[in-house]
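> My questions all concern the structure below.
The values are calculated or read from the model by the stated rules, or taken from the named source; none is laboratory data. This structure is a prediction, so every number in the text was calculated from the model and none was measured. Here Cβ is always computed from backbone atoms with ideal geometry, including for glycine, and neighbour counts include all displayed protein chains.
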Amino acid sequence: MAAYREAIPIPGPEAFEERSRSAQLSQAAFVLATGSGVAGYGNRMPRQKEMVLPELAKLERKRKIPIERALTYLDVDTAAYTEQQDLKVPAAEGAALARQLIDRPDPIRAASLVEASMHSRHQLVRTAAAVAALDTTGPRPDVMHCLSEGAGARDPLTRDIARVALGRIDRTHEALKNVVGRPARLTGRAEKSNTAVLSHGTFASRSRWWRPGGDFYEYLDGLAPPLHLHDPSFRWSGLYSETGRQLAADQLQVWTVDQQLDTPDFIAHSHGGTVGNLATRSGLRLDRLVLLSWPVHQEWLPDFNNVRLVIDVRVRFDLVIIADRGGQTFNPPTAHRAKVKSYKHGWFDHGDTHDPGYWDMHDLPAKLASP
């Protein structure tokens, strides 16, 4: 297993002039935030002094931007641009557009930056730009091609961004057919237990980290004092849909009864946390609900009366959450704020919160062990 390395944000235009992983992540964040601003979701981007962004509210536009207008600030011919898939836009051009966008924010300049980033040398940046292009010009063949390629990328974060974007617009897309799974089996247990349950998020039912033998499962199970994780972990389809999550919540309720689990801890990544939240709204009682990189949607908050404590763990400027159009700050109702403990460390990478190295770096086991 590779050693954990945390990204360092690089402010706005400067990120477009560098090639490091941190620069790529910062570029992707800038471009995704820009697209969200055009779509009217800029208010979901929390302000961070380390991230220099344009004034997102000034980017909002009600109608999609024609491709010829989106190319206004790029020195390219529209026909050549749409026909040449291998076209490369110099990094300096992206940096200049980012500076202009900060100084003079407008949706057309934002669209030009998105188009320039669609031709970055880095697949992560190209994929983020394709997600943003859904909000600027709308779906088109080259955008869909880029997302399809991203959905099969070697880099997990690139894959997650692309898959979430595809899930938003076409849940039956070919690239998503082999990344969903079957729900947890009902096997029956003779004795009651209050062991903790670990679960996964969207499109992750076939991954290993959350199952017995997986790196994060074994890490949590080996903590001192021991967490005593339940075997098996809870598996759901991982579908990117409200219906899929509600069905999983219903299955979680039935499964906890089948496994003789009595008010367990439930630890889940991303929309696996939504599954846990929805289950509490249907009556499931939990001791601690540990939400890892949960995309905040107010309509899917848990029933706090059925949870003793919520532990919210997340990174700043989570790229997948931006693609999901979720919020990045957990704001519980005033009456239940004492029940929520939030820990925000690191930047950009949605998967960091189930990385043992991230937990060690930020001393999260101590937070989990506290009452």
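> Scan LEU134, LEU101, LEU166 and give me the residue that is crowded, with 19+ Cβ neighbours inside 10 Å and closer than 21 Å to GLU18 by Cβ.
On inspection, the qualifying residue turns out to be LEU101.
> Within segment 1-14, take every residue that is of a type in the set (Gly, Ala, Ser) and in contact (Cβ under 8 Å) with a residue 60 or more places away in the chain and give me the one that is surrounded by the fewest Cβ atoms within 10 Å (Cβ to Cβ).
ALA3
> Here is a follow-up. Restricting to segment 189-218, and then to whatever is in contact with an Asp or Glu (Cβ under 9 Å, 6 or more places away or on another chain) and hydroxyl-bearing (Ser, Thr, Tyr), can you tell me which residue is modelled with the lowest pLDDT?
Among residues in segment 189-218 that are in contact with an Asp or Glu (Cβ under 9 Å, 6 or more places away or on another chain) and hydroxyl-bearing (Ser, Thr, Tyr), the one modelled with the lowest pLDDT is SER193.
> Further, regarding this structure: Look through segment 108-135, keep the residues that are part of a helix (DSSP H, G or I) and polar (S, T, N, Q), and return whichever of them is farthest from ASP324 (Cα to Cα).
The selected residue is SER112.
> Take the residues of segment 201-254 that are in a helix (DSSP H, G or I) and of a type in the set (Val, Ile, Thr): which is surrounded by the most Cβ atoms within 10 Å (Cβ to Cβ)?
The residue in question is VAL254.
> Regarding HIS228, is this residue in contact with a helix residue (DSSP H, G or I) (Cβ under 8 Å, 6 or more places away or on another chain) and free of Cβ contacts under 8 Å to residues at least 40 places away in the same chain?
Taking the combined requirement at face value, the residue satisfies it.
> Looking only at residues in segment 255-293 that are among the hydroxyl-bearing types (Ser, Thr, Tyr) and buried (at least 20 other Cβ atoms within 10 Å of the Cβ), which one is nearest to LEU364 (Cα to Cα)?
SER293
> Given the criteria in a loop (DSSP other than H, G, I, E, B), more than 19 Å from ARG171 (Cβ to Cβ) and touching a residue at least 24 places away in the same chain (Cβ under 8 Å), does TRP294 qualify? Let's see the steps before the verdict.
Details: in a loop (DSSP other than H, G, I, E, B): yes; more than 19 Å from ARG171 (Cβ to Cβ): yes; touching a residue at least 24 places away in the same chain (Cβ under 8 Å): yes.
Spelling it out, TRP294 is indeed in a loop (DSSP other than H, G, I, E, B), more than 19 Å from ARG171 (Cβ to Cβ) and touching a residue at least 24 places away in the same chain (Cβ under 8 Å).
> Could you say whether any residue in segment 59-68 is more than 26 Å from ASP324 (Cα to Cα) and either surrounded by fewer than 20 Cβ atoms within 10 Å (Cβ to Cβ) or free of Cβ contacts under 8 Å to residues at least 24 places away in the same chain (or both)?
Checked segment 59-68: at least one residue is more than 26 Å from ASP324 (Cα to Cα) and either surrounded by fewer than 20 Cβ atoms within 10 Å (Cβ to Cβ) or free of Cβ contacts under 8 Å to residues at least 24 places away in the same chain (or both).
> Now for a different question. In segment 297-315, which residues are in contact with a strand residue (DSSP E or B) (Cβ under 9 Å, 6 or more places away or on another chain), surrounded by fewer than 19 Cβ atoms within 10 Å (Cβ to Cβ) and in a loop (DSSP other than H, G, I, E, B)?
HIS297
> Out of all the residues in segment 167-190, which are farther than 16 Å from SER237 by Cα and either β-branched (Val, Ile, Thr) or without any contact (Cβ under 8 Å) to a residue 24 or more places away in the chain (or both)?
ILE169, ASP170, THR187
> Could you grab me the full set of residues in segment 17-37 that are under 12 Å from GLY94 (Cα atoms) and at pLDDT below 95?
Once the filter is applied, which keeps residues that are under 12 Å from GLY94 (Cα atoms) and at pLDDT below 95, segment 17-37 yields GLU17, GLU18.
> While we're looking at this one, here's another question. If a residue must be within 24 Å of ALA162 (Cα to Cα) and touching a residue at least 60 places away in the same chain (Cβ under 8 Å), how many such residues does segment 98-120 contain?
We begin by selecting, within segment 98-120, every residue within 24 Å of ALA162 (Cα to Cα); these are 98, 107-120.
Now narrow it down to the ones that are touching a residue at least 60 places away in the same chain (Cβ under 8 Å): 98, 107, 110-111, 113-114, 117, 120.
Qualifying residue count, segment 98-120: 8.
> Has segment 82-92 got at least one residue that is buried (at least 22 other Cβ atoms within 10 Å of the Cβ) and part of a helix (DSSP H, G or I)?
No, there is no match, as no residue in segment 82-92 is buried (at least 22 other Cβ atoms within 10 Å of the Cβ) and part of a helix (DSSP H, G or I).
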